[in-house]
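The values are calculated or read from the model by the stated rules, or taken from the named source; none is laboratory data. In this text, all values refer to a predicted model and were calculated from it rather than measured experimentally. Here the Cβ positions follow ideal geometry from the backbone for every residue, glycine too, while neighbour counts run over all protein chains shown.
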């Protein structure tokens, strides 16, 4: 009810502004106000028709703005597209209104209309572009503000995620499995046990080094996930097969621990045994890095996979326009991670 009252009040305000602009335009073009009541009513009717038509630019602009414009990433293109749409729509309104009032109602020919009509058209286009500049500036400001808020939220989320990742990696499951492997190695091969301890400490050293960093090179991420896989290979042996292929690791960036989380998901949610070997592949595909594993879930699936992937997907959504792709079939589970470059949104958060 409150919104309806405000909409009606806004409708009346716009009408009042249109009438005022019409009276001022008449005074500017003819040097005097409408000479009689009939001319005044005609001026009011014309002003309301042309005014409401032009003010509807706001609704037309909002539809275009939501779908095709990006004032932060493509300001010049957005301005030209918005200007083109505004001019095309407004020209239809202006020429139809003038034809209706002067051609249809007053039965004037083009030759009779043009001597005074050209001044009317000029004023209407001036008023039009004055109003549209307000819409453009408003749209740019709101998108800029939204970008700042999103950037701050991403930083807060990154801090929270880094804490959660660190906490989760030092959880009882990971430590329990690692200590079990270490205990077994101590009994059968002290040298391998020492190597395993060195690998474990190196893994945590790198993990702590990622704190405070929003993105890292693929080379660093690949190096880190290999340390994680080395620890897991001590546990699973030949029951887990890993294939990695990447040649341009220095040219791209990833969010820290992306690959480690995806590999951990593959191990956590799939059977790993001599009968059911887990095969994990990491390879490039166009502008993506793909993490793929054969799909052999437990009879009673473990919850939690969707939440982690959703959080990771949302972070990549802010950093790039390329989608974060999750593809699952009866045979495989595949995640395509968009590779990042040091440009656009990334420059603002580093």
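Brief remarks follow.
- Condition check for residue 61: surrounded by fewer than 16 Cβ atoms within 10 Å (Cβ to Cβ) and at pLDDT below 75: no
- A residue that is modelled with pLDDT of 80 or more, farther than 22 Å from residue 243 by Cα and either assigned by TED's automatic domain parsing to the domain that holds residue 258 or assigned to a helix (DSSP H, G or I) (or both) can be found somewhere in region 213-221.
- Of the residues making up region 97-118, those that are part of a helix (DSSP H, G or I) and surrounded by 14 or more Cβ atoms within 10 Å (Cβ to Cβ) number 9.
- All told, residue 43 falls short of being surrounded by 14 or more Cβ atoms within 10 Å (Cβ to Cβ), touching a helix residue (DSSP H, G or I) at 6+ places or on another chain (Cβ under 9 Å), at pLDDT below 80 and closer than 21 Å to residue 138 by Cα.
- Verdict on residue 205 being at pLDDT below 75, part of a helix (DSSP H, G or I) and over 28 Å from the mean Cα position of the chain (by Cα): no
- Between 243, 221, 292, the distinction of being surrounded by fewer than 18 Cβ atoms within 10 Å (Cβ to Cβ), touching a residue at least 12 places away in the same chain (Cβ under 8 Å) and over 24 Å from residue 193 (Cα atoms) belongs to 243 only.
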